[in-house]
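Reviewing the structure listed below.
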Amino acid sequence: MRLILSARYLVQGSLCVGAMRRRFGPSKRGSSVDWYGKRYPVSWCERQSHPNLSVDGKGYSMLIDSFAAPMFATNCWVIATEPGAECVVIDPGMPDVSHQLTELLEKHNLKPVAVIATHGHLDHTFSIQSVADGYGIASYIHSEDRAFLANPEKLHGQEFIATLSGMSFAEPKDVRELRNAEVIDLVGLSFKAIHAPGHTRGSLMFEVSNEVLVSGDVLFAGSIGRTDLPTGSAKDMEETLRKKVVPLSDHLRVLPGHGPDTTMAQEKMNNPYLKSLVGRY
C-alpha cells in the first residue's frame, strides 16, 4: 500500500489578524519563545506548503491526504486504508471546511465514519458539528476539552469570540470522550489516544497502527504548541514532551496540526525543544 501526503494551503482569511493570531500562534516570522531559560524560534504558524511525498515501498499501509483550512492553515487530515474505503477525518477547521472536505473525499472515493478533534481550539473544531452531523457519524475528543465544543469562549476568551459576529456553537449529536491510552478501532486501523496536556488541558495525540503520529498542536516540525493560552501550561507541556513524546519510536511519521509533516527521528535530532529535554534527562 502507500501513504499519500498532499496539502493545498490556502491564503489565510481576513480574520487571521491581531488577537486571533496571538491566541492561536505566533504572528511574525522569526519570533521566538522562552523555554526554560533559552530562546527558540517559532515557525509553525506561517503559511506553508509541504511537497507531495511518495513513500511507496516503505511499508505504510494507509492512505493519508490533507488540506489546510483557510484560517490559521490548520491541517485537516483524512486517513483510510485505501481509495474507495471508509475514512476518519481529523481536525476540520475554520471557517466551514465542508466544501474542501467533500472535494478530498470525492477525489479518493472515501466515506467518513468518524471525526476526531485533537483538542478544543476552534481552528481545529469549527466544522466538527457540520461534518459529524452532516454524515451522521460520531465525533471524538478528550473529556477535558469536550465542554469547549459548545462553549468555545471558555477556551478562547470573549475578545476572540466577539470577532465571530455572535455565532453560536453546539456539540455534534454523538460525542464520545477519550482518555489516555484508549484505543479505538476505526476503518481497519487502530487509533491510540495519547493525552498530551500543555497546549490545552485536553490535548491529544494519536498513534495510528504504529505507523503514524497525529500530533495536533503538541508537536510541529521544529517547534511545539503554545502554552500561554487558557488551560495551557508550560509545566504540563514539558512533562508531555519528556514522558509522552520523546519515548515515541523514531520511525513514526508525524502529521501535525499546522505546517509540514515530519518524523520522530527528525524531531529528536533537530527540534530544539526535544533536544533540550534529551540533554536534561
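Of all DSSP beta bridges confined to the stretch 137-281, the antiparallel ones make up roughly 65%. Note on the stretch 202-281: dipole from Cβ charges, positive end direction compared against 227, 216, 276; the farthest Cα belongs to 276. To the nearest 20 debye, what charge dipole does the stretch 83-186 have about its Cα centre, counting +1 at the Cβ of each Lys and Arg and -1 at the Cβ of each Asp and Glu? Here the size comes out at about 100 debye. With 0.36 nm allotted per residue and the present C-alpha distance subtracted, the residue 98-residue 81 stretch has 3.9 nm of extension available.
Could you check how many percent of all C-alpha pairs in the stretch 104-232 are farther apart than 21 Å? Pairs farther apart than 21 Å: 42 percent.
Taking 19 Å as the limit for the C-alpha separation, the pairs 154/244; 192/243; 244/268; 243/268; 154/192 exceed it in the case of 154/244; 154/192.
The slack in the chain from residue 275 to residue 228, taken as 0.36 nm per residue of separation less the alpha-carbon distance, amounts to 14.8 nm. Ranking of 237, 167 by neighbouring Cβ atoms within 10 Å, starting from the fewest: 167, 237. The stretch between residue 250 and residue 176, if pulled fully straight at 0.36 nm per residue, gains 23.6 nm over its current Cα-Cα span. Going by neighbour counts of Cβ atoms within 10 Å, the residues 146, 179 line up, fewest first, as 179, 146.
Evaluated at q = 0.09, 0.11, 0.15 Å⁻¹, a Debye calculation over the C-alpha positions of the stretch 161-281 (equal weights, vacuum) places log10 I(q)/I(0) at -0.28, -0.41, -0.72. Working ranking of peptides 111-120, 259-268 by packing, defined as the average number of other Cβ atoms within 10 Å per residue, highest first, is 111-120, 259-268.
A short reminder: the numbers here are calculations on the coordinates, not readings from a lab. Small disclaimer: the values here were computed from a predicted structure and weren't measured. All Cβ positions, glycine included, derive from the backbone under ideal geometry; neighbour counts span all protein chains shown.
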